[in-house]
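The values are calculated or read from the model by the stated rules, or taken from the named source; none is laboratory data. Keep in mind it's a predicted model, so treat the numbers as computed, not measured. Using ideal geometry, Cβ is built from the backbone for each residue, glycine included, and neighbour counts are taken over all protein chains shown. Each accessible area value is taken on the protein alone, full model and side chains, heavy atoms only, with ligands, DNA and RNA left out. Shrake-Rupley method; radii C 1.70, N 1.55, O 1.52, S 1.80 Å.
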Amino acid sequence: MNVLLIGAGALGKLIAAQLARSGTKIQVLVRREEQMKAIRERGVCVNHNNTTYTQKLEVFTEISDLTPDVVILTVKSYQTEEAAKQITRLCNSPTVLSLQNGLGNEIPLAKYCSKDRIMLGVCTHGVTALSDTTVAWNGVGEILIGSKRHTLAPSVERLVRLLSAAGLHARCSQHIEEDVWRKVLVNCAINPLTAVTRLKNGDLLEREDLLRIMRDVVDEAVRIAEAKGIKVGEIWPRVLDVCRKTAENRSSMLQDLEANRPTEIDALNGAIVKLAEEMSYPVPVNRTLVSLVRTLSSKEVI
Ligand SMILES: NC(=O)C1=CN([C@@H]2O[C@H](COP(=O)(O)OP(=O)(O)OC[C@H]3O[C@@H](n4cnc5c(N)ncnc54)[C@H](OP(=O)(O)O)[C@@H]3O)[C@@H](O)[C@H]2O)C=CC1
Ligand SMILES: CC(C)(CO)C(=O)C(=O)O
């Protein structure tokens with residue numbers, strides 16, 4: 001099976017390196033010549049559990065001659081459309097797996113790829129990019145893969161086996177929409193609040209006032225999920241558990257703000273607000289956090 005991965009950031013480099021190391025044929029599409037040259041020269045270096053390995057990778061900036069069976073998308077949610085357009089330039093019609101966080105990544109994908117070939121994934125590994133060629137794999141998690149249409153493309157079970165053989169703990173999910181929502185709800189509770197306060201995830205647990213805000217974020221967002229017919233179950237204990245297990249983390253949204261990069265707020269709390277508007281449900285706490293994060297990430301704020 002040929003796999004093409006688009007986006008060699010933190011998560012992409014880890015997945016590509018682990019797959020290549022375990023013998024899967026994987027090609028990687030990046031968008032900068034500079035990164036392509038660096039990976040061709042030095043390979044990708046993965047730091048994990050006080051050990052380091054380096055893996056050579058096939059890397060390109062041009063997609064046109066490739067014929068992958070599966071495309072794995074590991075760009076940020078706001079980069080999906082640009083990446084999806086590139087998929088149309090492939091010679092074939094592969095299965096496309098989004099491993100991105102957030103709601104609605106499949107919408108721009110569906111403009112360019114057939115819906116029955118779009119698969120969604122939920123990834124709970126924790127990876128930080130240290131450079132264009134180096135990542136730190138800080139948290140071992142798992143990858144769930146499924147389809148909103150409940151029918152898995154034939155290549156998916158094979159991909160799940162390859163990801164598992166690569167040490168990435170993958171499995172198929174029959175309820176991927178619920179799984180995506182559960183992760184989104186946790187990210188909605190933790191990410192914007194850590195971004196606004198500049199606290200680590202674990203610090204949120206120390207403050208009653210912040211816990212109350214998180215609880216309100218979750219309650220509002222769970223109502224939206226339920227109104228959409230998504231059964232998410234108990235989310236609050238999950239939020240507390242993730243805060244405890246990732247206590248020393250600076251959330252991805254906080255890191256994005258500090259590095260002056262766009263954040264994924266629109267695919268998280270922003271998506272909740274959008275759905276709430278469509279249904280005329282009030283979500284004041286989510287709305288406030290979206291405004292604060294957007295303001296902080298606008299160029300005018302120092
Ligand atoms: N990091 C993690 O631990 C986890 C991340 N996720 C999710 O995975 C997604 C990716 O996250 P992460 O890896 O951290 O993000 P990064 O910003 O580190 O990586 C995104 C990469 O995509 C590249 N890219 C963007 N557009 C294109 C394009 N059109 N063609 C080729 N490459 C492109 C970027 O290139 P450039 O460098 O040139 O900007 C960048 O290298 C997000 O949705 C995130 O929420 C989910 C679970 C865990
Ligand atoms: C789970 C959590 C909150 C870990 O930091 C995360 O996914 C993120 O930072 O985006």
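Side notes on the structure shown:
- Nearest-20 debye value, region 177-297 charge dipole, Cβ charges on Lys, Arg, Asp, Glu: 160
- Remark: relative contact order (the chain) = 15 percent; criterion is Cα-Cα distance under 8 angstrom and separation of 6 or more residues.
- Taking only the C-alpha atoms of region 177-297, Rg followed by Dmax gives 13.3, 38 Å.
- Potential lengthening between GLU82 and THR151 on full extension [0.36 nm per residue; Cα-Cα distance subtracted]: 22.2 nm
- Net length available on complete extension from GLU278 to LYS245 is 8.4 nm, with 0.36 nm assigned per residue and the Cα-Cα distance removed.
- Projected area averaged over orientations for region 2-174, convex hull of C-alpha atoms, nm²: 8.7
- Of all DSSP bridge pairs formed entirely within the chain, close to 35 percent run antiparallel.
- Scaled radius of gyration (Cα, divided by 2.2 N^0.38 Å) that region 49-110 gives: 1.31
- In this structure, LYS37 and GLN174 have a Cβ-Cβ separation that, at R0 = 51 Å, corresponds to a calculated FRET efficiency of about 0.75.
- Scattering profile of region 73-151 at q = 0.23, 0.25 Å⁻¹ [log10 I(q)/I(0), Debye over alpha-carbon scatterers]: -1.10, -1.20
- Share of carbon and sulfur in the accessible area of the chain stands at 48%, probe radius 1.4 Å.
- Projected-area mean, the chain, by convex hull of Cα positions, square nanometres: 15.3
- Distance (nanometres) between label positions extended 7 Å along Cα→Cβ at TYR53 and LYS25: 2.1
- Near the amide H of VAL59, within less than 5 Å, lie the amide hydrogens of VAL28, all on another chain or at least 5 residues away, with H placed in the peptide plane.
- Length gained on full extension, ARG261 to VAL140: 41.0 nm, using 0.36 nm per residue less the C-alpha separation.
- Highest-first arrangement of 22-28, 138-144, 208-214, where packing means the average Cβ count within 10 Å: 22-28, 138-144, 208-214
- Cα-projected label distance for LYS115 with PHE60, points at 7 Å along beta-carbon direction, nm: 3.0
- Cβ charges +1 (Lys, Arg) and -1 (Asp, Glu), total dipole of region 39-90, debye: 180
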